[in-house]
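Shown next, in structure tokens, is the structure this report addresses.
The values are calculated or read from the model by the stated rules, or taken from the named source; none is laboratory data. Here the structure is a predicted model, which is why all the values come from computation and not from measurement. Glycine also receives a Cβ, built like all others from the backbone with ideal geometry; neighbour counts cover every protein chain displayed.
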Amino acid sequence: MLRMVDDVLAGARDLLHRQGGVLTRTQALDAGLTSKAIEVKLRSGRWQRLHTGVYATFSGEPPRSAQLWAAVLRAGCGAVLSHQTAAELHGLLAVPAPVIHVTVPGARRINRPPGVVVHHSGRLDQSRHPMLTPPRTRVEDTVLDLIEVTPSLDEAVSLILRASASRRTTPDRILVALERRPKMPHRAGLVRALDASNDGAHSLLEFRYVNRVERPHGLPPGRRQNPVRRSERNQYQDVSYEDYALVVELDGRSAHPEWFRWADMRRDNANAATGRVTLRYGWEDVTERPCQTALEVAAALREHGWTGTMRRCGAACPVTRPGGGGEAAR
């Protein structure tokens, strides 16, 4: 960077630092360089062309930040990084997508640059993050952009819960952004997911537990992600029925490394030492046999004083009848 800023006029130094050493042709000319000077730098290898009219003012492999800046600068005024690329920058994706996604104002048409996917939007003034650079969509709009191209409701719900649990946005902010999109797919499911997220659900399995086990069968609402302090460490119980000394742990892992198994055992033992019962359920328990799971939870709640009544969730539900004691039909 030091060699690079010596190559251009002083007026471009701040711009180069902000843009990861990347300039457009217009910016270089505005900084005082001539067309001939730019061509000399490109031919000598001191600069390199990343896209048409967009240059890296250094040699060597461009880092990720330079690639992102080059893509958004090539897309032109008002463009922002979006979709998987914005999710990458917001920390919602661990692995960068193989192509860079940019969104441009709805009326603009540009030739697609190599390695770049171009989207169009008429609401960039609302979805553009006001401060972060390189320009990108807000977290909540990034999540909804991804959901619009996600065919699976489960994946859509997972995106909402993951973004909310990361504290990078809130369910209320996502809901405000959702209200600006009248044609959003999976709307009803997304609203339920936002409601569950507000209650503390962090994962798709927790969402399924709320909407397939707990609420449809009339069980009392548990406290989601209940914090407890043990051995000078913070731990979180997936669902805690504090008035009834019952903890429900939900485990979506398909395989159990040894250290996970021992950690689960230590948590269960710690609960037992304080008089709490722990029930553990996996994906199949919640999604394939939710009624049986609800019956087991209800039985444990009754052992600790719950006097409420269960509801049948449908015609095939094994709960005998509303107020029928929660026993399975014979």
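Looking at 226, 211, 234, just one residue is in a helix (DSSP H, G or I) and modelled with pLDDT of 60 or more, and that residue is 211.
Just one of the numbered conditions (1) more than 30 Å from residue 320 (Cα to Cα); (2) at pLDDT 90 or above is not true of residue 186: (2).
Given the criteria touching a residue at least 60 places away in the same chain (Cβ under 8 Å), loosely packed, with under 15 Cβ neighbours inside 10 Å, under 30 Å from residue 142 (Cα atoms) and assigned by TED's automatic domain parsing to the domain that holds residue 138, does residue 98 qualify?
Numbers: touching a residue at least 60 places away in the same chain (Cβ under 8 Å): no; loosely packed, with under 15 Cβ neighbours inside 10 Å: yes; under 30 Å from residue 142 (Cα atoms): yes; assigned by TED's automatic domain parsing to the domain that holds residue 138: yes.
No.
Regarding residue 112, is this residue farther than 25 Å from residue 186 by Cβ, at pLDDT 90 or above and among the basic types (Lys, Arg)? So residue 112 does not fit the description; no.
Please pick out the residue among 144, 194, 175 that is aliphatic (A, V, I, L, M), within 19 Å of the chain's Cα centre (by Cα) and closer than 30 Å to residue 280 by Cα. The conditions single out 194. Of the residues 181, 173, 192, 162, which is assigned to a loop (DSSP other than H, G, I, E, B), surrounded by fewer than 22 Cβ atoms within 10 Å (Cβ to Cβ) and on the phi < 0 side of the Ramachandran plot? When all the criteria are applied, what remains is 181. Could you please let me know if residue 147 is within 25 Å of residue 55 (Cβ to Cβ) and surrounded by 18 or more Cβ atoms within 10 Å (Cβ to Cβ)? No, not satisfied.
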